[in-house]
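Comments concern the structure below.
The values are calculated or read from the model by the stated rules, or taken from the named source; none is laboratory data. No experiment lies behind these values; they were computed from the predicted model shown. Positions of Cβ are generated from backbone atoms using ideal geometry, with glycine treated the same way; all protein chains shown enter the neighbour counts.
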Amino acid sequence: MKVHCRLIFLVLCVLLLAGGAQAATLYVNVFEKTTNVTAIPSASVFVNGALAGKTGADGIFTFSHPGTSPITVKVLKPGYESWEEDVGMAESSILVQLKKKELALNIGIFDADTAIPIANSQVRVMGPNITESQKMTDINGSVTFPAQAASIYNVQISAPNYQNRNEVVEMGMEGKNIQFLLIRGDRFSILAKNAADQSPVANVEVFIDGVLKGKTDGKGILSLEIPRNKVYNIKLSKPGFTDYFEKKMISDSEAVVTASMAVAPYQASIFVFDETKAPVQGAAIIIDGKTLGNTSQYGKYTFHDLPSGQYVLEVKHPGFSSLRREIGEDDLGKDITVELPFNLADLTIFVEDEGYHVIPGVSISLNGRNAGITDDNGALKTKVKVSTEYNVTASMKGYKPVTMTTGIDPGNTSSTITLSMEKDINLGIFMMAGLIIAVIIIIILVILLVVRRKPRTRSSHGNSKSHGSSGGGKKGEI
């Protein structure tokens, strides 16, 4: 009996010890207190640095811990300040009150027409954690309010000569910068946009009820000060665009009337000439890298339905240097004249005589203009225009001048020609020689005449002597 009692006593001690070491259950109740107490679901609960779980829809998370020592509990929720405390072994529940993070709500106020900041605008913000609900904007149109994360605020804005504006702002987990545009009560804007790409169109004339009110600026905007709640006939006009018409009532809530302007097709002609003002047929007309066609025999090509805008025009033709230039709205609808300069090619001129010997020092002219003289090899190299006809003339003392017509075809970069020269017979020398011969002949004739006369003179003297002898004889006879 004593043994059985002892066993029963030992079992009871073990059970008591086991009951003392049993795990404890801890309830974590997470809430937020503003005007009311609100449970916070999905808050993360960490025990001794490890994630234990998240609160349910009722804001409660339950877990068991050994109960042998205190534990550290930390609660996190986006948009709220973190909470952390040590929990003793005897505690079975804890209340965790989370406070929302304090953030900055930055508000900017601008003119809806000009985007200029509006100073001294009155801004009123109503919502959680607002100590000063009304402030005035500074010179930059800005004002800042303290706000809480994940909260909703009502914003009321007013400024002299502007329409009041009421907005609702929902804060996230970070600070927020928000801008508001105020509409003038006595003004609205015309915004001109290109219908093709929605880019702003500057210098558009704006007519209201047939009266020119001005032109749009670089942003495509023209601000007008006219009464609202009236019906107006609006017309926008600019060269290169189809006129825009609209009959519209401008209400108090409208700040901008957007006019979508379609680009108008244009017809323009291009005339291509060479340096001599002759039309160039077959010149390729290229716009923004795309070949549209070729010029006619009159050097003309016409653009059809070319929209207004800026383009790069390129004109190409074999034998001419290509021309590249920009054309824009000022050129469209007009005749565009292009002068193509000739390409230059190498022309080599050789000069030789009838025996195929080179002749250095020969003067060469092209179309009457001196091009130079041949070198020791009887050659002259020069630059000439392609597709141009040249009269090449070679001249040198002692040789007859010689002329040849030549040209270099498109696509060629060089050409060679040979001129053959004949020696010149000088008529002056022949005339001089003839004159000398004539003089010699005359001298010979004179000499012959003189020679012939001398014998006749001797015969007369002999006869005289005979007559004397004969007379003497006669006298003796008497």
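Every residue in the range 281-292 that is touching a strand residue (DSSP E or B) at 6+ places or on another chain (Cβ under 8 Å) and under 16 Å from Arg324 (Cβ atoms), please.
Ala283, Ala284, Ile285, Ile286, Ile287, Asp288, Gly289, Thr291, Leu292
Considering the range 92-142 alone, what residues qualify as being within 18 Å of Gln163 (Cα to Cα) and outside any strand (DSSP E or B)?
Across the range 92-142, the qualifying residues are Ala112, Asp113, Thr114, Ala115, Ile116, Ile118, Ala119, Asn120, Ser121, Thr137, Gly141.
Gly214 is checked against (1) assigned to a loop (DSSP other than H, G, I, E, B); (2) farther than 30 Å from Lys101 by Cα; (3) modelled with pLDDT of 90 or more and fails just one. What number does that condition carry?
(1)
What tally of residues in the range 26-48 results from selecting those that are touching an Asp or Glu at 6+ places or on another chain (Cβ under 6 Å) and small (Gly, Ala, Ser)?
Kept after step one, since they are touching an Asp or Glu at 6+ places or on another chain (Cβ under 6 Å), are these residues of the range 26-48: 38-40.
Okay, now just the ones that are also small (Gly, Ala, Ser), so 39.
Residues in the range 26-48 being touching an Asp or Glu at 6+ places or on another chain (Cβ under 6 Å) and small (Gly, Ala, Ser): 1 in total.
Quick one: which strands (runs of 3 or more DSSP E) lie wholly within the range 321-362 and hold at least 1 residues that are small (Gly, Ala, Ser)?
Qualifying strands (runs of 3 or more DSSP E): 344-353.
Determine the pairs where a residue that is more than 13 Å from Leu191 (Cβ to Cβ) and assigned by TED's automatic domain parsing to the domain that holds Phe245, located within the range 203-232, has a partner that is in a loop (DSSP other than H, G, I, E, B) and among the basic types (Lys, Arg) with Cβ atoms under 6 Å apart, the partner being 6 or more residues away or on another chain.
Glu225/Arg187
Considering only the range 237-262, state which residues are closer than 22 Å to Arg187 by Cα, of a type in the set (A, V, I, L, M) and either surrounded by 15 or more Cβ atoms within 10 Å (Cβ to Cβ) or in contact with a Ser or Thr (Cβ under 9 Å, 6 or more places away or on another chain) (or both).
Correct list: Ile250, Ala255, Val256, Val257, Ala259.
Just to be sure I understand, how many residues within the range 289-329 are within 22 Å of Pro410 (Cβ to Cβ), among the aliphatic types (A, V, I, L, M) and in contact (Cβ under 8 Å) with a residue 24 or more places away in the chain?
Qualifying residue count for the region: 2.
Conditions (1) assigned by TED's automatic domain parsing to the domain that holds Ser321; (2) assigned to a strand (DSSP E or B); (3) within 26 Å of His317 (Cβ to Cβ); (4) of a type in the set (Asp, Glu), marked per residue:
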| position | (1), (2), (3), (4) |
| --- | --- |
| Ser365 | no, yes, no, no |
| Gly372 | no, yes, no, no |
| Thr382 | no, yes, yes, no |
| Thr388 | no, no, yes, no |
| Thr403 | no, yes, no, no |
| Ile408 | no, no, yes, no |
| Asn412 | no, no, yes, no |
| Met432 | no, no, no, no |
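What number goes with the only condition from (1) assigned by TED's automatic domain parsing to the domain that holds Glu389; (2) in contact (Cβ under 8 Å) with a residue 40 or more places away in the chain that His357 does not pass?
(2)
Please enumerate the residues belonging to the range 153-200 that are within 17 Å of Pro117 (Cα to Cα) and either without any contact (Cβ under 8 Å) to a residue 12 or more places away in the chain or loosely packed, with under 14 Cβ neighbours inside 10 Å (or both).
Correct list: Pro160, Asn161, Asn164, Asn177, Ile178, Gln179.
Here's a check for you: in the range 333-355, which residue that is hydrophobic (A, V, I, L, M, F, W, C) and over 30 Å from Gly309 (Cβ atoms) is surrounded by the most Cβ atoms within 10 Å (Cβ to Cβ)?
Step by step, filter the range 333-355, then rank; the result is Val351.
Collect the residues in the range 350-386 that are of a type in the set (Val, Ile, Thr), out of contact with any Pro (no Cβ under 8 Å at 6 or more places or on another chain) and under 16 Å from Ser420 (Cβ atoms), keeping them in residue-number order.
Val351, Val358, Ile359, Val362, Ile364
Just the residues that are free of Cβ contacts under 8 Å to residues at least 24 places away in the same chain, touching a Phe, Trp or Tyr at 6+ places or on another chain (Cβ under 8 Å) and surrounded by fewer than 14 Cβ atoms within 10 Å (Cβ to Cβ), please, taken from the range 117-148.
Residue satisfying the conditions is Glu132 alone.
Every residue, every condition in (1) assigned by TED's automatic domain parsing to the domain that holds Gly127; (2) part of a strand (DSSP E or B); (3) within 30 Å of Gly127 (Cα to Cα), yes or no:
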site: Thr35; (1), (2), (3): no, no, yes
site: Pro41; (1), (2), (3): no, no, yes
site: Val45; (1), (2), (3): no, yes, yes
site: Gly56; (1), (2), (3): no, no, yes
site: Phe63; (1), (2), (3): no, yes, no
site: Pro78; (1), (2), (3): no, no, yes
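What's the number of the condition Gln281 fails, among (1) closer than 27 Å to Ile118 by Cβ; (2) assigned to a loop (DSSP other than H, G, I, E, B); (3) not basic (Lys, Arg)?
(1)
Residue by residue through the range 356-392, note down the ones that are crowded, with 17+ Cβ neighbours inside 10 Å and more than 22 Å from Asn412 (Cβ to Cβ).
The answer is Ile359, Val362, Ser363, Ser365, Thr374, Gly378.
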